[in-house]
1. When the residues of segment 119-147 are narrowed to those that are of a type in the set (V, I, T) and touching a Gly at 6+ places or on another chain (Cβ under 9 Å), which ends up farthest from A94 (Cα to Cα)?
2. May I ask you to verify whether A52 is open to solvent by 20 Å² or more (accessible area, probe 1.4 Å), touching a residue at least 40 places away in the same chain (Cβ under 8 Å), more than 21 Å from V3 (Cβ to Cβ) and not charged (D, E, K, R)?
3. Could you tell me whether G58 is in a strand (DSSP E or B) and surrounded by fewer than 13 Cβ atoms within 10 Å (Cβ to Cβ)?
4. Could you grab the pairs with beta carbons closer than 7 Å, sequence gap of 6+ or different chains, first residue in segment 77-94 and outside any helix (DSSP H, G or I), second one open to solvent by less than 60 Å² (accessible area, probe 1.4 Å)?
5. Regarding D7, is this residue at pLDDT below 90 and at positive phi?
Amino acid sequence: EIVWCGDRRPNGAAYCIAANRMSNTVTIVFRGSQESHNPWHYALRDQRNPIAMENYRGHASYVGLHAGLCTYMLQKRENDGTRKIDEIFSFVHAIGTELNANGNYNVHVTGHGTGGALSTMFAFFAASDKRFTSFYNNEQRTIKVFTFAS
């Protein structure tokens, strides 16, 4: 069932959140751009790497992300200082814990085109958030991403 839709502006990137009560799955769906010309900026912007504290090959303190997508997901709002990604994280976690009070819920993310790129960025940051990757019954929960033409 669809439980939340965000960004209802005509030309804004939009997302919806759905819940599957039988499988304890929260799915975030990002819409692609509506226009034939994508208005996003094309330059890369350095952002703090959310997994910088881990030791892995090619370790970096910062990662280069698409500037337009970065602005949409990570820029702090003037009115309350929150970011779009924090808003979505809060909704997903609230819905997930409603599905299963113990926190044993799955997170799936999907999108097409620009929505696929937003899905990938969302999953990258969510994978570093313990609300979505904590252990349950000695198994680490994972985030699944399904993108198309992104």
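The values are calculated or read from the model by the stated rules, or taken from the named source; none is laboratory data. Model, not experiment: these values are computed from the prediction. We place every Cβ from the backbone using ideal geometry, glycine too, and count neighbours over all the protein chains shown. Surface accessibility is based on the protein's heavy atoms, side chains included, excluding ligands, DNA and RNA. Shrake-Rupley method; radii C 1.70, N 1.55, O 1.52, S 1.80 Å.
1. Looking at the filtered set, the residue picked out is T147.
2. For A52, the condition - open to solvent by 20 Å² or more (accessible area, probe 1.4 Å), touching a residue at least 40 places away in the same chain (Cβ under 8 Å), more than 21 Å from V3 (Cβ to Cβ) and not charged (D, E, K, R) - is not met.
3. So G58 does not fit the description; no.
4. Listed by first residue and then by second, the contacts come to R83/M73; R83/L74.
5. Yes.
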